[in-house]
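Note sheet for the following structure.
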Amino acid sequence: MKVLIIGGVAGGATAAARLRRNDEHAQIILFERGGFISFANCGLPYYVGGVIREKSGLVVQTPEGFSRRFRIDVRPMEQVVSINRREKTVSVRKNGSVYRESYDKLILSPGAEPIRPALPGFDGKRVFSVRGIPDALAIREFCERNSPESAVIIGGGYIGIEMVENLRRLGIRVTVVERKDHIIPAVDPDTAAEVQNYLRSKGVELRLNTGVGAIEETGDRLVFHLTDGPDIAADFAVLSVGVFPESRLAAEAGLQTGVRGTIAVDESMRTSDPDIYAVGDAVQVTNAVSGEPVSIPLASPANRQGRIAADRICGEAVRYDGAQGSSILKAFDLVLAATGLSETALKAVGTPYLKSYTYSPSNALYYPGGAPMSIKLLFSPDGGRLLGAQAVGSSGVDKRIDVIASVLRMHGTVEDLTRLELCYAPPFSSAKDPVNMAGYVAENILKHKVFPFYAEDVDSIDPRESVLVDTRTEAEFEDGTIPGAVNFPLDSLREEMEKLPKDREIDVFCQIGLRGYLASRILLQNGFSRVRNLSGGYRLWKQLQENR
């Protein structure tokens with residue numbers, strides 16, 4: 001059997017290695033148009049910032065080492081320019097000439113290309129993208145040679161925010177320009193708000209709800225003409241406005257394409273041609289939560305897809321059952337992680353959902369070094385099936401989202417989160433882990449033990465029909481509260497609650513939601529029929545106010 005693989009990195013290199021482990025005698029040829037067949041593209045921002053000091057630290061496998069270990073014919077600097085499906089050949093450009101290579105099976109792993117808008121100035125020499133090692137080398141070399149003082153990151157996605165941190169490490173002032181109303185578009189605005197506040201505290205300027213319409217060179221500086229708001233100037237720019245699938249080869253060969261021009265594949269990673277497979281950032285996959293066709297260009301799914309394509313070629317009955325988009329981001333000392341669908345995505349596909357917010361310490365309160373962690377859960381109102389989760393904190397965020405992602409993958413519910421027996425010792429967690437706590441709070445909503453309202457509902461509260469009650473201490477209340485609120489501290493509520501009207505709705509809140517929950521339980525069992533608790537509390541409401 002002769003298998004050709006177009007493209008390396010996560011999908012193609014994984015498929016090649018798996019093929020060899022499955023079949024010692026197959027003829028395997030891997031084409032890579034660049035010089036690096038397997039590199040840590042997720043590490044590129046950290047090379048720019050000097051966290052990864054040597055270029056060699058980014059290289060997972062060299063062509064020579066990969067070939068020697070797996071007996072694979074690796075052909076770097078050779079680009080496949082066309083596929084002839086009828087003849088089962090590909091045309092390959094090498095050193096200016098073109099030759100043909102036949103195949104029995106073909107795997108496409110072309111990846112995705114950073115979007116570079118066709119706008120004035122976006123093709124300038126001081127406007128960089130971050131896709132491969134040459135891009136990271138170019139940015140680092142520019143910074144070393146020119147000692148720039150300022151930069152603009154166009155786009156506030158994962159790569160953009162990672163570049164923010166690493167450019168700040170070099171002492172460069174950074175401005176982020178993002179078209180949407182919040183950074184990290186993969187998560188919801190309420191989750192992003194915490195990261196935004198933190199970045200501002202680190203001296204990062206955020207220009208939201210605006211884009212760059214044109215870039216103008218003026219001597220050694222770039223002027224960025226924004227679509228909304230005053231122009232800004234900087235020494236260079238980094239593009240982080242997303243990627244598009246490199247599916248040209250597949251489309252020109254007549255293979256079926258899907259959303260956003262991705263290559264359509266079935267659960268075996270096979271394209272519309274039974275002898276051609278496709279993996280990685282260029283393919284369409286099924287969202288494991290919604291069942292909708294989507295593009296999820298992440299390294300972990302690409303690795304699994306490469307493995308499955310290789311197994312199917314070798315006759316194993318395995319299948320790819322979709323991706324849920326688990327992701328994580330480090331921004332200085334803050335960590336954001338998410339899995340499943342966001343609230344925004346759920347609304348877009350019309351899926352009913354409920355949500356809850358919890359704030360828990362990363363380890364036991366009495367043990368030093370703990371840090372607060374916020375968790376947002378999204379779940380089905382019918383049975384509590386997990387639909388998505390987002391978390392922000394500085395310690396243990398990865399562990400908690402990984403646990404929730406595992407339960408979500410198994411079609412688990414919020415009740416399952418309450419039943420998990422997780423590792424506990426004071427340096428690592430509390431006896432009731434933040435994951436358990438998130439499950440308890442969501443379960444209380446499902447069982448109607450608490451009736452939540454949310455920060456976005458506050459402005460619509462009618463004081464003629466509702467009483468807004470702050471259940472925090474008098475000192476907390478005087479330090480700042482929601483306009484229109486009256487103070488009934490939790491510890492004196494039983495003695496004071498007769499002062500509240502029973503013919504109106506009582507909307508209670510505290511700092512994070514716990515005291516409000518306790519207050520609502522007291523009131524509901526003492527003749528107050530309509531009581532709601534502010535999920536996320538004053539903390540989340542104030543956070544969103546600061547980001548308006």
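With axes computed from alpha carbons, what is the tilt in degrees of helix 133-146 against the longest principal axis of the chain, rounded to the nearest 10 within 0 to 90? Around 70 degrees separate the two axes.
Against the main long axis of the alpha-carbon atoms of the chain, helix 397-409 sits at an angle near 80°.
Translational diffusion of the chain was estimated from the Stokes-Einstein equation, with Rh taken as the Kirkwood radius over Cα pairs; at 10 °C and 1.306 mPa s the coefficient is 61 µm²/s.
Here the alpha carbons of the range 40-101 define both size measures, Rg and Dmax, at 16.5, 49 Å. With a cut-off of 10 Å between beta carbons, the residues surrounding ASP333 carry a summed charge of +1, where Lys and Arg count +1 and Asp and Glu -1.
Full extension of the chain between ASP402 and LYS447 yields a length gain of 13.6 nm, computed as 0.36 nm times the residue separation minus the alpha carbon distance.
Determine the sum of side-chain charges near GLU465: Lys and Arg each +1, Asp and Glu each -1, restricted to other residues whose C-beta is under 15 angstrom from that of GLU465. Before the final figure, lay out each step's value.
On the way: positive: ARG464, LYS502, ARG504, ARG530, ARG532; negative: ASP457, ASP459, ASP462, ASP503, GLU505, ASP507.
Charge balance in the 15 Å sphere: -1.
Axis of helix 434-446 versus longest Cα principal axis of the chain: the two differ by about 60°, to the nearest ten degrees. Each part gets one Cα centre, and for the range 215-270 versus the range 414-462 those centres are 39 Å apart. Only Lys, Arg, Asp and Glu carry charge here, each on its Cβ (+1 for the first two, -1 for the last two); on that basis the chain has a dipole of about 1580 debye about its Cα centre. The mean sequence distance of close C-alpha pairs (under 8 Å, at least 6 residues apart), as a share of the length of the chain, puts its relative contact order at 11 percent.
When both bridge partners sit in the range 1-88, DSSP labels roughly 20% of those beta bridges antiparallel.
Placing unit charges on the Cβ atoms of the charged side chains and taking the dipole of the range 456-548 about its Cα centre, the candidate lying farthest along the positive direction among SER520, GLN545, VAL469 is SER520.
Here is the list for the range 49-114: GluC sites (Glu not before Pro) lying in DSSP coil, each with at most 16 other C-beta atoms within 10 angstrom of its C-beta, are GLU54, GLU87. Expressed as a whole percent, the accessible area of the chain that falls on carbon and sulfur atoms is 49 (1.4 Å probe). From the square roots a ≥ b ≥ c of the eigenvalues of the alpha-carbon gyration tensor of the range 308-431, which class results: rounded (a/c under 1.5), prolate (a/b over b/c), or oblate? It comes out prolate by the Cα gyration axes. The convex hull of the Cα atoms of the range 273-372, projected and averaged over all directions, covers 9.9 nm². Per residue, the solvent-accessible area of the chain (1.4 Å probe, heavy atoms of protein chains only, all protein chains present) comes to 45 Å². Look at the dipole of the chain built from charges on Cβ: of VAL279, LEU30, SER290, the Cα furthest out on the positive end belongs to LEU30.
Need one word for the range 1-60: rounded, prolate or oblate. Basis is the Cα gyration tensor (sqrt eigenvalues a ≥ b ≥ c); a/c below 1.5 gives rounded, then a/b vs b/c decides. The shape class here is prolate.
Other residues within the sphere of radius under 11 Å centred on the Cβ of VAL212, judged by their own Cβ, net out at -2 (K and R +1, D and E -1).
Estimated from helical segments only, the mean residue ellipticity of the chain at 222 nm is -8500 deg cm²/dmol, where each DSSP H run of four or more residues counts as -39500 (n - 2.57).
Cα centroid separation, the range 191-205 to the range 470-503: 31 Å.
Mind pulling the per residue volume of the convex hull built on the Cα atoms of the range 442-548? Å³ is fine.
Per residue, the Cα convex hull of the range 442-548 comes to 96 Å³.
For the range 13-72 and the range 93-146, what is the separation of their Cα centres, given in Å? Between the Cα centre of the range 13-72 and that of the range 93-146, the gap is 17 Å. Projecting the Cα atoms of VAL397, GLY171, VAL243 onto the charge dipole of the chain (Cβ charges, centred on the Cα centre) puts VAL243 farthest toward the positive pole.
Using only Cα positions of the range 176-311, each an equal point scatterer, no hydration layer, compute I(q)/I(0) via Debye at q = 0.15, 0.17, 0.18 Å⁻¹ and quote the log10 values to two decimals. For the requested q values the scattering log ratios are -0.88, -0.95, -0.99.
To the nearest 20 debye, what charge dipole does the range 362-446 have about its Cα centre, counting +1 at the Cβ of each Lys and Arg and -1 at the Cβ of each Asp and Glu?
Numbers: 7 positive and 8 negative charges, 27 e Å.
It comes to approximately 140 debye.
Close amide-amide hydrogen proximity is noted between ILE506 and VAL467, ARG530, VAL531, ARG532, each under 5 Å apart and 5 or more residues distant or on a separate chain (H modeled in the peptide plane; Pro and chain starts excluded).
R0 = 41 Å: FRET efficiency of ASP23 with ASP181, Cβ-based, nearest 0.05?
Numbers: r = 51 Å, r/R0 = 1.26.
Step by step, r from the Cβ atoms, then E = 0.20.
The values are calculated or read from the model by the stated rules, or taken from the named source; none is laboratory data. Source: prediction; values computed, not measured. Cβ atoms come from the backbone with ideal geometry, glycine included; neighbour counts cover every protein chain shown. For accessibility, only protein heavy atoms count, side chains too; no ligands or nucleic acids. Shrake-Rupley method; radii C 1.70, N 1.55, O 1.52, S 1.80 Å.
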